[in-house]
1. Applying the selection to region 88-115, what residues are in contact (Cβ under 8 Å) with a residue 40 or more places away in the chain and either charged (D, E, K, R) or surrounded by 13 or more Cβ atoms within 10 Å (Cβ to Cβ) (or both)?
2. List pairs: first residue in region 559-575 and closer than 12 Å to Leu527 by Cα, second residue of a type in the set (Lys, Arg) anywhere in the structure, Cβ distance under 7 angstrom, at least six positions apart or on different chains.
3. Would you mind stating whether Leu528 is closer than 13 Å to Gly263 by Cα, touching a strand residue (DSSP E or B) at 6+ places or on another chain (Cβ under 6 Å) and not small (Gly, Ala, Ser)?
4. What do you reckon, is Leu233 surrounded by 16 or more Cβ atoms within 10 Å (Cβ to Cβ), assigned by TED's automatic domain parsing to the domain that holds Gly547, touching a residue at least 40 places away in the same chain (Cβ under 8 Å) and in contact with a helix residue (DSSP H, G or I) (Cβ under 8 Å, 6 or more places away or on another chain)?
5. Can you confirm whether region 376-394 contains a residue that is aliphatic (A, V, I, L, M), in contact with a Lys or Arg (Cβ under 6 Å, 6 or more places away or on another chain) and either within 23 Å of Val474 (Cβ to Cβ) or loosely packed, with under 13 Cβ neighbours inside 10 Å (or both)?
6. Inside region 291-333, can you point out the residues that are within 17 Å of Ala457 (Cα to Cα), outside the structural domain of Asp427 (by TED's automatic domain parsing), not in a loop (DSSP other than H, G, I, E, B) and not aliphatic (A, V, I, L, M)?
7. Just one of the numbered conditions (1) under 21 Å from Pro353 (Cα atoms); (2) surrounded by fewer than 21 Cβ atoms within 10 Å (Cβ to Cβ); (3) of a type in the set (A, V, I, L, M, F, W, C) is not true of Ile426; which one?
8. Look through Lys463, Lys490 and report the one residue that is in a helix (DSSP H, G or I), surrounded by fewer than 16 Cβ atoms within 10 Å (Cβ to Cβ) and in the same structural domain as Leu296 (by TED's automatic domain parsing).
Amino acid sequence: MSFLDSLFGSKKTNVPSIPVLPADIYAAATMELADVIAPPAVEIGSNTIKIGDKIAKTYFAMSYPRILSAGWLAPIVNMDKVFDISIHINPIDTSEILRDFQKKVAEVESQILSRQSQGMVRDPQLDAAYQNLESLRDNLQQATEKMFDVGLYITIYATHENDLFKLENQIRSELEGKQIYLKPALFQQEQGFRTVIPTGTDELRIMSKLNSGPLSSFFPFISSELTDNKGILYGVNRQNAGLVIFDRFSMPNYNSVIFARSGAGKSYATKLEIVRTMMFDTDVLVIDPENEYQYLAEAVGGRFFKVSLSSNSHINPFDLPKPLPDESPSDVLRANITSLIGLFRIILGGLKPEEDSIIDRAITETYALKDITAEADFTALPPPLLSDFEQVLGSMEGSESLVERLKKYTKGTWAGFMNQPTNVDIDQKLVVFSIRDMEDELKPAAMYIITHFIWNAVRKSLKKRLLVVDEAWVMMQNEEAAAFLFGMAKRGRKYFLGLATITQDVGDFVKSRYGVPIITNSSLQLLLGQSPTAIDTLQTVFNLTDGEKYALLESGVGEGIFFAGKQHVSLKIISSYTEDQIVSSDPHQILALRKAKEEQAASTAGGLFVN
């Protein structure tokens, strides 16, 4: 019988014994499956078997540790290599194994008693073996466990001997680290190959006895996957090259957090998500601290607003949203007054309890000057300005210090920042607010006013939206701003809003008492390359294993761990050429794009000028 006959089973054929040409086989219609899939040649050696142009080598597991942890095969299964794994399981009759156990328990007990009679120190290994045998025997007797003969076989493939050697060392070192040892099937490579292929026959018959508990750790073949039927591409699974496709709006909440060191690719990943999210009819709003999203906004026809002391874009913090059908005007007014008190705590450097009360009354009276009260329909009424508030505040007893601190926002250098009617329209698929040119002292207040404005706009109409807050640690430095951001994270789902917070300063973010709650209220979490100073904090917050910790320290640009609920995978962010041209933050690439645009503009104006 030939190798292929033994491999696929003997078959009856009417092919004559003389040599048969392929044309004759085709004419006689005698070709079967084995003829189609058979390799051109098979060469069997003592240590390998050559099948066509591939070299194969089969191994068997010869020993296991006392405890097998769940998913121990996962690192092997998820390797991006060519190999086959076969597990053969045969149940053992319980009555037969109980008789063997009785003899084994007697032997171990006899050794223990013998050592005691000789006055020798007790052997912990013998004691543990006796306890384990007795426990397992009780479980077998009670039918809560069963025993099995288990054979684990692995066949690896490569084109060259060196590649085969490298893969062999990789697999063996991975398993030996877990005290699982492999041996090659010397002089039995043919039987080993037939054992591993899916014919259900075990010709090596190299078994280990395992009970149900350890055996369950073999199953299922754990392969980290995070692919949904709908959603956007976040990247490629680094373990098995699978696509990581997910829809944030399918989660219990739509929020996300991204933590990464500078240059690790967090803004690149965010801009990729923005481009892909917009294709699914989602409006995106961005608070941009470094003008990184300007080119993206221009490329997709969005709007880009520069928020600074000299900017022509203004947002009036006294604006009021239109009450929703299930809301009363008094509820809207009360919520807006609360938000304004938080803003004044930021810009006035904190408030004493008595000052807090004065500010509360002054805001209410300022709205009343414009006939805006809890009982009135104020939807068509113009809101007051900060200068109106200053006048009301100045008429109140004990407000002298507050008025003095407020003057720089109404009459001083910073008067143009918030003492103007709102002229910003966010009715676009992508809207970016840049605060790069805002003074550092005012950035928390600017981010607070912008997020408050966006929140009021979001509440006007139910629509799928994503708010991206880059460098969110700036807001987390201020208690009021952090509290408002946390409120958006908790309430955003009601209004179909997802909040994406991005930061490189992990320490400042989690130091805030709202930092960890924002993380726990975010269904999606992306950790990219980390610095050694931040990794211990992240490990504590995200319960990372040591392996995941060191993987983040060694991750390249655009590599990290992606969490979606209770699932997580090792991720590599990828983009198409067109996407890369739009979202790249690489200074070399940006300069090249600017130069190309300048040359194109010069050509349009009248041709290129060459020296």
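The values are calculated or read from the model by the stated rules, or taken from the named source; none is laboratory data. Note that the coordinates shown come from a computational prediction; the quantities given were computed from them, not determined experimentally. Cβ sites come from the backbone with ideal geometry, for glycine too, and all protein chains shown count toward neighbours.
1. Residues satisfying the conditions are His88, Ile89, Ile92, Thr94, Ile97, Leu98.
2. Final answer for the pair search is Glu559/Arg238; Glu559/Lys572; Ser570/Arg238; Leu571/Arg238; Lys572/Arg238.
3. Values: closer than 13 Å to Gly263 by Cα: yes; touching a strand residue (DSSP E or B) at 6+ places or on another chain (Cβ under 6 Å): yes; not small (Gly, Ala, Ser): yes.
In short, yes.
4. yes
5. no
6. Those that are within 17 Å of Ala457 (Cα to Cα), outside the structural domain of Asp427 (by TED's automatic domain parsing), not in a loop (DSSP other than H, G, I, E, B) and not aliphatic (A, V, I, L, M): Pro329, Asp331.
7. So Ile426 meets the others, but not (1).
8. After ruling out the rest, the residue left standing is Lys490.
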